[in-house]
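The values are calculated or read from the model by the stated rules, or taken from the named source; none is laboratory data. Quick caveat, the model's predicted, so the values are computed rather than measured. With ideal geometry, Cβ positions are generated from the backbone for all residues, glycine too; neighbour counts draw on all protein chains shown. Side chains included, ligands, DNA and RNA excluded: accessible areas come from the protein's heavy atoms. Shrake-Rupley method; radii C 1.70, N 1.55, O 1.52, S 1.80 Å.
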Amino acid sequence: MENLEYKFNPEDEYLFYPEPLSRANSFECLLNPPANYVPNTDKEAYTKIYNPQVRKEIAKTKSHRPWFLGFMSIIQVIICGLSFYYNWKQTGSVIALNPLNYMIGPANGILITMGARYVPCMKSNTGYEVPNAYFTCPAAINGTGPINPLNDERVCFLKDVCSFAGYIPFKDPNQWYRFFTAIFLHSGAIHIAFNMALQINVGFPLEREIGWWRMALIYFISGGGGFLFGAPLSDVNAISVGCSGSLYGLIGCVLIDLIQNWSLVHRPWIELLKIMLNIIVSLAVGYLPGIDNNAHFGGMIFGIISGTILMPKLYFSKWDKIRKRFLVYLCIPLLLGGTGILIYSFFTDINFCTWCIYINCIPNTSILPWCDAKLGNSIHHVTLPTLNSTDISRVSIGWSSKIIQ
């Protein structure tokens, strides 16, 4: 039998991505090249892939089971089902009909009750915390205030909205944990279907590469950071739910993974173009009404920074090791400092980024006529007067369109 000379074929043995994060299948042949392999030193890939130190690092890698995202997906689906149940219990309908939730899901009030990011429950200086101030209840929440003669329904105090249906005593608006509880909620069947599809297609392969604990940290840093980034820029009446900030953070990790392993990627510019096109289209869709683009953008930035710190790395040379470790040391204070600035901005109403509202929408344009309504009061919060039963007809807090992720 003729002994054919083995030729290096990057399509077969290259540590490349048919799509990002699909490196695992090529590890085996990298660690065990054919016995009749003839090196082709003209290939840059050979100097990288078959470097003994690189092969030793590759040998240490292992595939993980996506336990964390599997658990999160199950919990998120269960909680979404519970939101339908609570909506039915409160209104007699499984989904919100008045006004209609176009995501086919529960009313605003149900989502607030279950832990949505809702600024009046999270900090003071919104006007809602004024003693004895009451306002029109969001849909599906029963108020304990006086009866409004305009509709014969009781109005709400802030404790009616923020007490998690009475399960958590409410005294002061300091529920900062809503930055994280909102990750578990979705506004309806369409919303969770899109997010679960992305979580499975992008998140599961990534967790197989990096393991559950790294995934958990990046997921919550990106999700909570996205909500934190968007909170000072959104209408005070708006609510926000969903794991999209976390998922955008994972997309940011895919981008970092591509850049850090650039020389090992087959046609890296094409892969970069695919990722960037994906990001641009997704953020463009975020200009539509009812989508919290600030949380998406913020989640991606937090994902890029935390991914640079936490994702496992291959070192191809001493200089490469120095460069990647320098980026880690740079990103740690960047993550902590950026988080501190955003927390300060949120609680003090000091806006450090006046142009950031354009991430969510572009106001005062005929092309996007819904932007003014979407942005609402933005940084300028409402102030409620202290009311009594004689002027209850003045109570009318306009509930903005539900902001989803």
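The calculated FRET efficiency for Leu334 paired with Leu100, based on their beta-carbon distance and R0 = 56 Å, is about 0.85.
Annotation: amide H-H contacts under 5 Å for Cys137 (H modelled 1.01 Å from N, sequence separation of 5 or more, or interchain): Cys156. A Förster distance of 30 Å, applied to the separation of the beta-carbon atoms of Asn132 and Ala165, puts the FRET efficiency at 0.85.
From the alpha carbon gyration tensor of the range 68-223, can you work out the equivalent ellipsoid semi-axes (sqrt of 5 times each eigenvalue) and give them in Å, largest to smallest? Before the final figure, lay out the partial values.
Details: eigenvalues 211, 74, 22 Å².
Semi-axes, largest first: 32, 19, 11 Å.
With a 1.4 Å probe rolled over the protein heavy atoms of all chains, the accessible area of Lys324, Lys274, Lys171, Lys62 falls in the order Lys171, Lys62, Lys274, Lys324, largest first. In the full protein context, the range 59-208 carries 49 Å² of accessible surface per residue, based on a 1.4 Å probe and ignoring ligands, DNA and RNA. Evaluated at q = 0.18 Å⁻¹, a Debye calculation over the C-alpha positions of the range 232-324 (equal weights, vacuum) places log10 I(q)/I(0) at -0.86. Ordered by 1.4 Å accessible area with all protein chains kept, Met103, Met276 run largest first as Met276, Met103.
Obtain the nm distance between the two label points defined at Asn278 and Leu82 by a simple spin-label model: each point lies 7 Å from its Cα along the Cα-to-C-beta direction. Output for this residue pair reads 3.1 nm. Distances between placed amide hydrogens fall under 5 Å for Ile239 paired with Ile403, all partners being 5 or more residues away or on another chain.
Projected over every direction and averaged, the convex hull enclosing the alpha-carbon atoms of the range 163-290 yields 9.8 nm². Cα centroid separation, the range 309-348 to the range 146-167: 45 Å.
Site pair Trp67 and Thr354 shows an inter-label distance of 5.1 nm when each label is modelled 7 Å from Cα along Cα→Cβ. May I ask you to list the residues of the range 257-293 whose amide nitrogen lies under 18 Å from a point 7 Å from Cα along the Cα→beta-carbon direction of Thr365? It comes to 279-293, nothing else.
Once Rh is set to the Kirkwood radius over Cα pairs, what Stokes-Einstein translational diffusion coefficient, in µm²/s, holds for the range 74-123 at a temperature of 25 °C and a viscosity of 0.890 mPa s? Each step should come with its number before you reach the end.
Numbers: Rh = 11.2 Å.
D, rounded to a whole number, is 218 µm²/s.
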